[in-house]
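See structure below.
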Amino acid sequence: MTTLNDFISKFPKVTKKQMYGSQKRLFKFRRRLKKWVKRSGCYVVSSGNTKCLECGKIEYMHRFGCKCMEIGKPHKGVVYGAALNTGAIGGKSKFDPIISESDFISYRDIYQRIKSGDRFIDLSLRKELNESHFKGATQ
């Protein structure tokens with residue numbers, strides 16, 4: 001029988017060079033986001049959220065329903081969307097959240113705003129969203 005320490009010891013140790021590289025990439029990404037937000041018509045989103053139409057609760061990660069929905073009863077369901085940044089981009093520390101203040105926006109609204117000329121960058125994908133990301137989902 002193996003212990004947890006034996007199991008953890010099998011994983012390779014992270015070198016200082018790898019840690020420095022990941023911190024450097026995170027710093028550069030945050031700096032790029034701060035410049036992005038200053039432009040007009042450019043927004044930062046974090047995709048993968050859902051909003052319950054019954055209770056209004058916003059959850060991270062896609063789900064089929066909400067805890068308030070009972071089996072067998074008719075319910076309105078959930079809306080899939082993203083957290084739209086409404087405040088400043090997070091601090092310099094790696095423990096500070098990038099998005100501290102946000103509002104929920106549905107994928108359909110994001111798609112309509114992209115078609116009208118707004119630009120969005122997604123934190124999960126770390127790239128700019130365009131119409132091809134929504135192909136088939138909004139039709």
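The values are calculated or read from the model by the stated rules, or taken from the named source; none is laboratory data. What you see is a predicted model; the values in this text were computed from it and never measured. Positions of Cβ are generated from backbone atoms using ideal geometry, with glycine treated the same way; all protein chains shown enter the neighbour counts. Ligands, DNA and RNA are stripped out before the accessible areas are found, and what is left, the full protein with its side chains, is counted by its heavy atoms. Shrake-Rupley method; radii C 1.70, N 1.55, O 1.52, S 1.80 Å.
Filter the stretch 49-58 for residues that are in contact with a Gly (Cβ under 7 Å, 6 or more places away or on another chain) and open to solvent by 70 Å² or more (accessible area, probe 1.4 Å); which is farthest from Ser100 (Cα to Cα)? Filtering first and then ranking leaves Leu53. Taken over the stretch 1-60, residues that are of a type outside the set (Lys, Arg) and not in a helix (DSSP H, G or I) amount to 26.
Would a scan of the stretch 85-93 turn up a residue that is of a type in the set (Lys, Arg), at pLDDT below 85, out of contact with any strand residue (DSSP E or B) (no Cβ under 7 Å at 6 or more places or on another chain) and closer than 30 Å to Met19 by Cβ? Checked against the condition, which is being of a type in the set (Lys, Arg), at pLDDT below 85, out of contact with any strand residue (DSSP E or B) (no Cβ under 7 Å at 6 or more places or on another chain) and closer than 30 Å to Met19 by Cβ, the stretch 85-93 yields at least one hit.
Any idea how many residues of the stretch 81-110 are among the aromatic types (Phe, Trp, Tyr), open to solvent by 60 Å² or more (accessible area, probe 1.4 Å) and under 29 Å from Lys135 (Cα atoms)? Reasoning before the result, please.
Step one: filter the stretch 81-110 for residues among the aromatic types (Phe, Trp, Tyr), giving 95, 104, 107.
Imposing the further condition that a residue be open to solvent by 60 Å² or more (accessible area, probe 1.4 Å) reduces the set to 95.
The next check asks that each one be under 29 Å from Lys135 (Cα atoms); those that pass are none.
Counting residues in the stretch 81-110 that are among the aromatic types (Phe, Trp, Tyr), open to solvent by 60 Å² or more (accessible area, probe 1.4 Å) and under 29 Å from Lys135 (Cα atoms) gives 0.
Are any of the residues in the stretch 37-48 in contact with a strand residue (DSSP E or B) (Cβ under 8 Å, 6 or more places away or on another chain), hydrophobic (A, V, I, L, M, F, W, C) and open to solvent by 40 Å² or more (accessible area, probe 1.4 Å)? Checking the stretch 37-48: at least one residue is in contact with a strand residue (DSSP E or B) (Cβ under 8 Å, 6 or more places away or on another chain), hydrophobic (A, V, I, L, M, F, W, C) and open to solvent by 40 Å² or more (accessible area, probe 1.4 Å). Beta carbons closer than 7 Å, at least 6 apart along the sequence or on distinct chains, pair a first residue in the stretch 79-99 that is touching a residue at least 24 places away in the same chain (Cβ under 8 Å) with a second that is in a strand (DSSP E or B) and acidic (Asp, Glu) for Leu84/Asp103. Within the stretch 111-139, being within 22 Å of Arg30 (Cβ to Cβ), among the aliphatic types (A, V, I, L, M) and either open to solvent by 50 Å² or more (accessible area, probe 1.4 Å) or outside any strand (DSSP E or B) (or both) holds for Leu123, Leu125.
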